[in-house]
Every structure is written in structure tokens, then in C-alpha cells.
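Peer 1: Questions regarding the structure given below will be posed in turn.
The values are calculated or read from the model by the stated rules, or taken from the named source; none is laboratory data. Small disclaimer: the values here were computed from a predicted structure and weren't measured. Every residue, glycine among them, receives a Cβ derived from its backbone with ideal geometry; neighbour counts consider all protein chains shown. To get the accessible areas, we keep the full protein, side chains included, count just its heavy atoms, and leave off ligands, DNA and RNA. Shrake-Rupley method; radii C 1.70, N 1.55, O 1.52, S 1.80 Å.
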Amino acid sequence: MKNQPIVESDRIESLDVLRGFSLLGILLMNIIGFGFVAAAYTVPGLMIQDGADLFAWGIIELVAEGSMRGLFSVLFGAGVILFLGNKREGRGWLHVKRTTWLLFFGLFNGYVLLWTGDILVTYALAGFLLYFLRNLEGRTLLRLAIGLTVLITLYSTASHFGIKYLRANAETAAAQQSADQPVPEDVAVLAAQWEGFKGEYAPTNRMIEQEVSARGGSYESAFMWTAHHNTAILMNSLWSFLLPDALVMMILGMALYKLGVLQGQCAREVYAKLAGLGFAVGFAINGFEVWFAYQSQFDLIDAFLKITPTYHLGRMAVTLGWIGLLLWLIKGGWHSLRLAAVGRMALTNYLMQSLLCMLVFTGAGLGWVGQLQLWQVYGIVFPIWLLQLWLSPWWLKRYYYGPIEWLWRALTYGAFPTLRRSNAPNRAQ
């Protein structure tokens with residue numbers, strides 16, 4: 001039985017609820033990538049037009065940015081242990097197959113469904129690495145996660161002040177040129193690097209118009225623009241930001257699973273303290289970052305929150321806060337069959353979100369990219385939430401797993417599992 005899927009009765013409710021919650025929460029951020037130019041992720045000034053936009057941006061940055069992605073990553077790490085562990089030895093090759101197919105789902109999501117912010121490719125690459133950590137003790141994994149958090153925090157700090165140093169040299173070079181003075185070679189090199197950074201993260205009006213025209217024009221034009229953009233991500237930021245960002249939270253998830261935290265094995269008071277401390281620290285840090293960006297008038301560097309020195313500390317704290325709150329509720333008797341169903345169909349629902357947003361925002365459908373204000377795009381989020389909260393339990397009453405989950409299992413195990421429910425009480429899933 002070591003190479004068989006987990007049966008339905010073995011599912012852990014807390015993991016499904018947490019996963020469903022994070023899957024819905026991720027859309028709060030992903031909608032920005034569909035509704036606005038790609039640079040809006042790191043240049044909030046591109047999508048803030050009035051007070052309503054500012055309020056929406058501030059709230060999302062406070063409670064969701066980084067933390068929903070972090071929570072999803074935590075659960076992915078726990079899922080790797082769940083898949084490989086529990087005395088289910090000899091599953092290494094299955095893990096490789098499962099992770100490889102996840103990589104292909106990610107490429108499909110990015111290139112065919114035109115999603116510029118896909119995380120499945122990142123998760124697949126991280127998944128290959130996590131295999132080698134599977135036998136570490138929970139406390140060892142926790143120490144490793146803390147150590148890596150320190151390292152990526154130092155990297156963010158160096159990036160933040162390093163880019164400021166580049167800008168200072170660019171300003172020096174400009175002043176020397178204005179005064180008809182020679183620009184030293186080292187200053188010129190650093191100034192050129194600053195211009196390269198601006199070209200990538202501060203698009204001109206012409207570049208914005210070209211992107212909106214391409215992504216909103218037709219499926220073909222959107223495909224060509226998105227393919228070029230996604231390939232650039234795979235070559236650059238995937239390795240410098242996305243993979244470390246995901247990996248540290250996945251290792252934390254592996255640790256929390258092995259320590260029994262995610263399964264609800266701690267006392268309810270522990271989860272209350274985790275929620276209180278996590279939110280207190282996280283909201284304080286995130287609130288400071290929001291204020292810092294606002295008071296700078298959304299300066300290109302100061303509003304680039306993903307490279308602020310405190311970014312990873314804030315998002316990790318809020319992630320732990322959400323874990324504490326949801327498990328405190330579950331330990332108190334709260335159950336959400338709808339959220340759990342969304343979590344059981346997480347891959348299906350994630351790709352469904354991409355499909356629906358593609359039809360709304362790109363040239364494959366309505367072409368609304370760049371046409372709505374920030375507060376207005378959340379009018380798209382809520383109907384998608386309601387759809388998935390209704391559709392997921394409806395589907396699982398009739399079938400054992402979501403359609404993409406079924407396909408993923410078939411590709412992993414090399415056999416088609418039973419999909420439609422019958423009178424059998426405990427089918428493999």
C-alpha cells in the first residue's frame with residue numbers, strides 16, 4: 001500500500017481549511033497581476049488613483065500580501081511530508097513524477113492561461129529540493145527555516161540599500177554631466193545599472209500603453225507578450241526572489257507539520273497566543289511598511305516593499321497569525337466544509353482563477369486589463385470566491401476529487417482512479 005494515494009478518511013481537516021483559506025486569499029494579490037500592468041506589483045503608484053484605491057492597497061498589504069502566499073507555501077511543505085512520510089517509504093520516484101507534472105501545470109498556467117504571476121513552477125522546483133529534507137526532525141527544520149529567513153532578510157536589506165546606492169551614483173553622474181565634468185568610469189557603470197533597474201521596474205507611459213494594448217488586444221498578442229515576460233521571470237527573479245521566498249516558508253511548513261502544529265495537536269491556548277503574537281508583530285511591521293511607502297509618495301525604492309529589510313519578517317508573522325487564528329477557531333468547534341472543499345480542490349481552483357481572470361482581463365475575453373481602478377478589481381474577486389465556495393462542495397458531493405487533482409493523481413500513479421462517487425464509503429483520493 002506504500003504506493004497508493006491517501007484515502008478520503010485520512011484527510012486532515014485543518015490542512016484543507018487552511019489551504020482553502022489561503023487559496024482564496026491569494027486571489028487578492030493575483031488579481032493585481034491580471035488587472036494592471038505587471039510592474040504594478042512592485043510600483044503601487046501605478047494603480048493608486050484616489051483614496052479608495054489607497055485604502056484598498058493599504059488593507060491588502062497589511063493582511064494578505066506575502067502572508068497568503070506564505071500560508072500556501074507552508075501547506076505545500078506540509079503536503080510534501082504528508083506525501084512522503086508516515087512510513088510510506090519508497091515513494092521518491094512518485095514524488096519526482098508528481099512534482100514534474102506540477103511543473104508542467106505551472107507552465108500551462110503561465111503560458112496558455114496567460115498568468116504572469118504563476119507559482120506552480122516555483123513550487124515544483126522547490127519540491128525537488130524538499131525531498132532531501134524529508135527526514136530531518138521538526139526542530140531541525142524549524143531552525144533551518146529561521147536561519148534561511150535571516151539570510152533572505154539580509155539579502156533584501158542589501159538589495160534595498162544597494163539600489164539606493166545605484167541611484168545616488170546616477171544622480172552624481174547626472175550632476176557632473178550637467179556641469180560638463182567628466183564622469184568617473186565606476187560611477188558611470190553604477191549609473192547604468194540604475195537605469196537598467198528603472199527600465200525593468202518603472203515602465204514609461206509608452207511601455208505601459210504597449211503592454212495594455214498587447215495583453216488586452218487578442219489572445220495571440222497577449223500570448224506573445226506574456227510568453228516573453230514569463231520567460232524573463234524564469235531566467236531572473238525566479239532564482240533571486242521567488243524560489244527563496246517559497247522555500248523558506250515550505251521548510252517552515254514541514255517543521256510545523258512534524259511538530260503537530262498544523263494538525264491542531266497543540267492546546268487551544270497555544271493557537272491563541274500564536275495568533276495574537278503573529279498579528280501584533282506582523283501588522284506592526286506591515287503597517288510601518290505601508291506608511292513608509294506612502295510618506296515617500298510611492299518612491300520607486302521605498303515603495304518596493306518586497307525588498308524592504310523587514311518584508312520577510314512581517315509576512316512570516318502574519319502567516320503564523322492566520323495559522324493561529326484558524327486553528328484556534330477549529331479547536332473551538334468551528335468547521336467550514338466549504339473552505340475545506342476549496343482546499344481539497346486547490347489546484348483546480350487555482351487554475352480556474354487564472355482561466356476566469358484571463359477571460360475578464362486579457363484579449364482572450366473582455367480585455368479589461370488597465371481599465372479598472374484598484375478598488376474596482378475586487379468586485380471581480382468576490383464573485384470568484386462565491387463561485388468556488390459553492391462549486392467546490394457541490395463537485396465533491398458527486399466526485400472524489402477535483403478534475404485537475406484527478407488528472408494529477410492519474411499521471412503520478414499511472415492509473416486512473418475512480419472519479420464519480422458510488423456507494424463505496426472510502427474510495428482512494
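Peer 1: For P383, all conditions in the list (1) buried (at least 18 other Cβ atoms within 10 Å of the Cβ); (2) closer than 25 Å to Y401 by Cβ hold save one; what is the number of the exception?
Peer 2: Only one criterion is unmet by P383, namely (1).
Peer 1: Among the hydrophobic types (A, V, I, L, M, F, W, C), over 25 Å from I152 (Cβ atoms) and surrounded by fewer than 17 Cβ atoms within 10 Å (Cβ to Cβ): does that describe W334?
Peer 2: yes
Peer 1: Right, next: Could we say that A246 is buried (at least 18 other Cβ atoms within 10 Å of the Cβ), of a type in the set (G, A, S) and in contact with a Phe, Trp or Tyr (Cβ under 9 Å, 6 or more places away or on another chain) here?
Peer 2: Against the criterion (buried (at least 18 other Cβ atoms within 10 Å of the Cβ), of a type in the set (G, A, S) and in contact with a Phe, Trp or Tyr (Cβ under 9 Å, 6 or more places away or on another chain)), A246 qualifies.
Peer 1: Would you mind finding the one in I60, I48 that is assigned to a helix (DSSP H, G or I), of a type outside the set (F, W, Y) and under 25 Å from L366 (Cβ atoms)?
Peer 2: The match here is I60.
Peer 1: Quick one: which of F298, F279 is touching a helix residue (DSSP H, G or I) at 6+ places or on another chain (Cβ under 7 Å) and within 30 Å of S213 (Cβ to Cβ)?
Peer 2: Going through F298, F279 in turn, the sole match is F298.
Peer 1: For the subset of segment 297-317 comprising residues that are touching an Asp or Glu at 6+ places or on another chain (Cβ under 9 Å) and among the β-branched types (V, I, T), which member is nearest to M250 (Cα to Cα)?
Peer 2: T310
Peer 1: Might you let me know whether segment 162-173 holds any residue that is among the polar types (S, T, N, Q) and touching a residue at least 60 places away in the same chain (Cβ under 8 Å)?
Peer 2: no
Peer 1: Consider Q181 carefully, then state whether it is open to solvent by 40 Å² or more (accessible area, probe 1.4 Å) and not in a helix (DSSP H, G or I).
Peer 2: Spelling it out, Q181 is indeed open to solvent by 40 Å² or more (accessible area, probe 1.4 Å) and not in a helix (DSSP H, G or I).
Peer 1: Any residue in segment 110-131 that's over 24 Å from H95 (Cα atoms): show its pairings with residues that are assigned to a loop (DSSP other than H, G, I, E, B) and hydrophobic (A, V, I, L, M, F, W, C) at Cβ separation under 8 Å, as long as the two are six or more apart or on different chains.
Peer 2: L114/A364
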